[in-house]
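To start, the structure itself, in structure tokens.
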Amino acid sequence: MADADDLDGLAAEYALGVLDAAERGEVERRLGRDESFRRLVEAWERQLAPLAMALPPVEPRPEVWFRLARNVRYARNTAEPVSAPSLSPSSAAARPSGRPWRRQLLFWRGLGLGASLAAAGLAAFIVLRPPPAEVRLIAVLHDAQAEPAWLVSARPGQERLLARPVGSLAADARQVPELWLLPGGDRPPISLGLLDRDGTVTRPLGEEVRRLLGQGKALAVSLEPPGGSPTGSPTGPAVWEGVLLEEPS
Amino acid sequence: MADLRPREPDDASLRVWLEAVARRDQQALALLYAQTGPHLLALALRMLKRREPAEDALHEAFLKVWERAPTYEAAKGPVMAWLVTIVRNASLDRLRRSGREVTLDEAPGLVERPSEEPGPADLMLASAEGRALRGCLDELEAEPRQAIVLAYWEGLTHEQLASRLGRPVGTVKSWLRRSLMRLRDCLER
């Protein structure tokens, strides 16, 4: 019968990941029936977990998400999908002052969800089938008060991105909005070009950017001097931000 | 409003999303996955060496996240630690099933030889827990520290570690036990 020290050591080794298959099996059986041992293991796992953050992140391929979303959908516990109004530019133009969006935002905020999720709630629901070659990504970029300000849509297959303002934005010739892709991990923001407060702009998408665009990627808009950031990195604050989601077909 | 420097997944956001996942919100799962997936894949990849099994482990882990989200509570610790545990267990199970260590020579997908120590500018330093652990790791001697880090990142058994480090199994076992206890004492100071 293992004594307390041995159990502690065993818990630590299990959390470290150094036990072989047979030993892991023994520990897992004990975890099922020994509450205090389970807590010991959980404490060790917690203490060692920051080591996981020492590795540079690696982007999963898009297929991993599609498989996951499909399998989650088929899981027994799936509740009804969360639906949202369509965000095609024509229907957005038909809405005066974006009031239905505001109501949707308030609904999501009432659930205690962050502004990013609120913006995500406005955009399309996740595609569950493998996408057709031409997937459309949409993001609503909003400010800190969750007011939507920009609608961005990207077609990586067509190598192009569109961005338009939503509602009217205060004009200021000294401060030009510039759109950035946030690739995540350690990588710096990538400029996707300048935006126009008065209308839609179309921007070509370079090969690297096209590879990086996808479900869940974050975008931000900063205010820069005329002509855009002189340094290639944002020099102004991120006034608006949002998350790219796939439009359902 | 947030600045544009790359951020650590912050625990408050992760918790909000995980609670929404527990209520069966798939968009929250997407956000959780987008935010944490790359860090978790890095872990699985370091252990399994090739993309396919690593992405399989990631996929399986997130199915477990979906299933177990209702059981998560703040008392269990930060969300990221909880996710890391699920992914590591999924990866370790696969690793143990394959019965042997995959050496770097057999892993054509790996572009460069990964470091065997946490680098100076790594993301561990972004959190209080990470800084504490880093400080305590630095108090260990070099070889035992390397044994701990290698064991954690690559999921090596005592025998594999011993062979990798060129030391007897008994030495490695006692290094690990002693170092783990010293780490805990240091962290609980």
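For A:VAL58, enumerate residues with amide H under 5 Å from its amide H, sequence gap 5+ or separate chain, H modeled in the peptide plane.
Hits under the 5 Å cutoff: B:HIS39, B:LEU41, B:ALA42.
For the range A:1-40, list log₁₀ I(q)/I(0) at each q in 0.17, 0.30 Å⁻¹, using the Debye formula over Cα point scatterers of equal strength and ignoring solvent, two decimals each.
-0.38, -1.19
Counting other beta carbons within 10 Å of each residue's own, what order do A:SER36, B:SER91 fall into, fewest first?
Values: A:SER36 8, B:SER91 27.
By the 10 Å Cβ count, ascending: A:SER36, B:SER91.
Which whole number gives the average, over all residues in A:59-69, of C-beta atoms from other chains lying within 10 Å of the residue C-beta?
Details: counts 5, 14, 4, 0, 2, 10, 8, 0, 5, 13, 5.
Going residue by residue through A:59-69 and averaging, the value is 6.
Measuring from label point to label point, each 7 Å out along Cα→Cβ, what is the B:ASP10 to A:ASP198 span in nm?
Modelled inter-label distance: 3.7 nm.
Using the per-residue mean of other Cβ atoms lying within 10 Å as a proxy for protection, in what order, highest first, do the peptides A:19-32, B:36-49 fall? List each step's numbers first, then the result.
Values: A:19-32: 14.5, B:36-49: 24.5.
Output ranking for A:19-32, B:36-49: B:36-49, A:19-32.
Measure off 7 Å from each Cα along the Cα-to-Cβ vector at A:GLU159 and B:ARG131, then give the distance between these two points in nanometres to one decimal.
4.7
Tell me whether the range A:133-249 comes out rounded, prolate or oblate; compute the Cα gyration tensor, take square roots of the eigenvalues as a ≥ b ≥ c, and use a/c under 1.5 as the rounded threshold. Spell out each step's value before the answer.
Details: a/c = 1.58, a/b = 1.31, b/c = 1.21.
Prolate, because a/c is 1.5 or more and a/b exceeds b/c.
Once phi is turned into ³J(HN,Hα) by the Karplus curve 6.51 cos²θ - 1.76 cosθ + 1.60 with θ = phi - 60°, what whole-Hz value does each residue of the range A:192-208 show in order, with x for glycine and proline?
9, x, 7, 9, 10, 5, 9, x, 6, 10, 10, 10, x, 10, x, 4, 5
Let's test the formula: R0 of 25 Å, r as the Cβ-Cβ distance of A:ARG38 and B:ASP185. What FRET efficiency results, to the nearest 0.05? Present the calculation step by step, with values, prior to reporting the outcome.
On the way: r = 22 Å, r/R0 = 0.88.
Approximately 0.70, to the nearest 0.05.
Residue by residue, what Karplus-based ³J(HN,Hα) values in Hz, rounded to whole numbers, does the range A:20-30 have, using 6.51, -1.76 and 1.60 with θ = phi - 60° and x for Gly and Pro?
Coupling constants for the range A:20-30: 7, 4, 5, 5, 4, x, 4, 4, 5, 5, 5 Hz.
Given R₀ = 45 Å, FRET efficiency for A:LEU31-A:LEU169 by Cβ-Cβ distance, to 0.05? If you can, show how the numbers build up before the last one.
Details: r = 56 Å, r/R0 = 1.24.
For A:LEU31 and A:LEU169, the calculated efficiency is 0.20.
State whether the range B:126-189 is rounded, prolate or oblate according to the following rule on the C-alpha gyration tensor (a ≥ b ≥ c being the square roots of its eigenvalues): a/c under 1.5 gives rounded; otherwise a/b larger than b/c gives prolate, and the remaining case gives oblate.
Numbers: a/c = 2.57, a/b = 1.83, b/c = 1.40.
Cα axes put the range B:126-189 in the prolate bin.
Search the structure for amide H atoms under 5 Å from the amide H of A:VAL243, placed 1.01 Å from N in the peptide plane, and list their residues when 5 or more places away or on another chain.
A:VAL140, A:LEU219
Would you please give the residues with an amide H less than 5 Å from that of A:LEU205, counting only those at least 5 places away or on a separate chain, with H modeled from the backbone geometry?
Here A:ARG160, A:LEU161 satisfy the definition.
What are the ³J(HN,Hα) values, in whole Hz, obtained from phi via the Karplus relation 6.51 cos²θ - 1.76 cosθ + 1.60 with θ = phi - 60°, for each residue of the range A:53-66 in sequence order, with x given for Gly and Pro?
After applying 6.51 cos²θ - 1.76 cosθ + 1.60, I find 7, 7, 8, x, x, 10, 5, x, 5, x, 4, 5, 5, 4 Hz.
What length, rounded to one decimal in nm, is gained on full extension from A:GLU207 through to A:ARG73, with 0.36 nm per residue of separation minus their alpha-carbon distance?
Working: separation 134, 0.36 × 134 = 48.24 nm, distance 3.22 nm.
So the chain would gain 45.0 nm between A:GLU207 and A:ARG73.
Per residue of A:227-239, what is the mean number of Cβ atoms on other protein chains within 10 angstrom of that residue's Cβ? Walk me through the intermediate numbers first.
Details: counts 0, 0, 0, 0, 0, 0, 2, 3, 1, 1, 4, 5, 1.
Mean number of neighbouring Cβ atoms from other chains: 1.
No value in this document is a laboratory result; all are computed from the given coordinates. In this text, all values refer to a predicted model and were calculated from it rather than measured experimentally. All Cβ positions, even for glycine, are placed from backbone atoms using ideal geometry, and neighbour counts span all protein chains on display.
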